[in-house]
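Note sheet for the following structure.
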Amino acid sequence: MAYDRSNIFARILRGELPCKRVYEDDYALAFHDINPLAPLHVLVIPKGEYVSMDDFSATAPPEAVAGFFRAAGETARRLGVVESGYRLLANNGADANQEVAHFHVHIFGGAPLGRMLNKIEAR
Ligand code: 5GP
């Protein structure tokens with residue numbers, strides 16, 4: 001899938017849409033999800049143009065991958081959830097309901113999050 005520069009996160013990166021920023025550096029921007037599913041729900045997005053986890057992991061240069069995951073860790077530290085715990089999640093593609101085609105991870109925290117996933121049956 002080709003990267004579409006009109007996606008919502010690209011527009012946030014360009015400053016065309018506002019966000020509640022948590023952290024930013026050369027590699028990534030972290031901001032609060034508009035529809036939080038936990039007391040803390042923050043998105044971390046790379047500054048480069050990657051459609052998905054698959055795209056990012058296959059094509060991003062090593063410094064972009066390292067910078068992104070360091071930024072995700074720093075975001076969690078700034079949110080103060082390292083000791084209490086947090087969950088990192090990335091949706092990739094249709095079965096995962098990926099809505100925005102700019103790679104991102106979700107950070108959830110601020111309360112016990114329950115099991116990782118409700119058990120899903122095979123198709
Ligand atoms: P996905 O399903 O692609 O992993 O998650 C996309 C996330 O982006 C959803 O949790 C959704 O609430 C969030 N989102 C969609 N539009 C906006 C927006 O304009 N601003 C912010 N901050 N979050 C958004």
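The values are calculated or read from the model by the stated rules, or taken from the named source; none is laboratory data. Please read all numbers here as calculations on a predicted model, not as lab measurements. Cβ placement follows ideal geometry from the backbone for every residue including glycine, while neighbour counts extend to all protein chains displayed.
Filter the stretch 1-40 down to residues that are touching a strand residue (DSSP E or B) at 6+ places or on another chain (Cβ under 6 Å), closer than 25 Å to residue 116 by Cβ and aliphatic (A, V, I, L, M), then give me how many there are.
Matching residues across the stretch 1-40 total 5.
As an exercise: evaluate residue 64 against (1) surrounded by fewer than 20 Cβ atoms within 10 Å (Cβ to Cβ); (2) of a type outside the set (D, E, K, R); (3) more than 16 Å from residue 3 (Cβ to Cβ); (4) more than 10 Å from the ligand (Cβ to nearest atom) and give the number of the one condition it does not meet.
(3)
If a residue counts only when it is in contact with a Ser or Thr (Cβ under 7 Å, 6 or more places away or on another chain), which strands (runs of 3 or more DSSP E) contained entirely in the stretch 2-92 have at least 2 such residues?
Result: 21-24, 40-46.
Filter the stretch 101-112 down to residues that are within 9 Å of the ligand (Cβ to nearest atom) and either charged (D, E, K, R) or closer than 15 Å to residue 32 by Cα (or both), then give me how many there are.
Going through the stretch 101-112 one residue at a time, the tally reaches 3.
Can you run down the residue pairs with Cβ atoms below 9 Å, 6 or more apart or on separate chains, where the first is in the stretch 2-21 and within 13 Å of residue 101 (Cα to Cα) and surrounded by 11 or more Cβ atoms within 10 Å (Cβ to Cβ) and the partner is hydrophobic (A, V, I, L, M, F, W, C) and at pLDDT below 95?
Pairs that qualify, where the first residue is within 13 Å of residue 101 (Cα to Cα) and surrounded by 11 or more Cβ atoms within 10 Å (Cβ to Cβ) and the partner is hydrophobic (A, V, I, L, M, F, W, C) and at pLDDT below 95: there are none.
Mind checking which residues of the stretch 64-98 are among the basic types (Lys, Arg), under 13 Å from residue 23 (Cβ atoms) and touching a residue at least 24 places away in the same chain (Cβ under 8 Å)?
Answer for the stretch 64-98, where residues must be among the basic types (Lys, Arg), under 13 Å from residue 23 (Cβ atoms) and touching a residue at least 24 places away in the same chain (Cβ under 8 Å): 70, 78.
Within 15 Å of the ligand (Cβ to nearest atom), of a type in the set (Ser, Thr, Tyr), modelled with pLDDT of 95 or more and surrounded by 13 or more Cβ atoms within 10 Å (Cβ to Cβ), is that true of residue 52? Step through it out loud before you land on a result.
Numbers: within 15 Å of the ligand (Cβ to nearest atom): yes; of a type in the set (Ser, Thr, Tyr): yes; modelled with pLDDT of 95 or more: yes; surrounded by 13 or more Cβ atoms within 10 Å (Cβ to Cβ): yes.
Judged against the criteria, residue 52 is a match.
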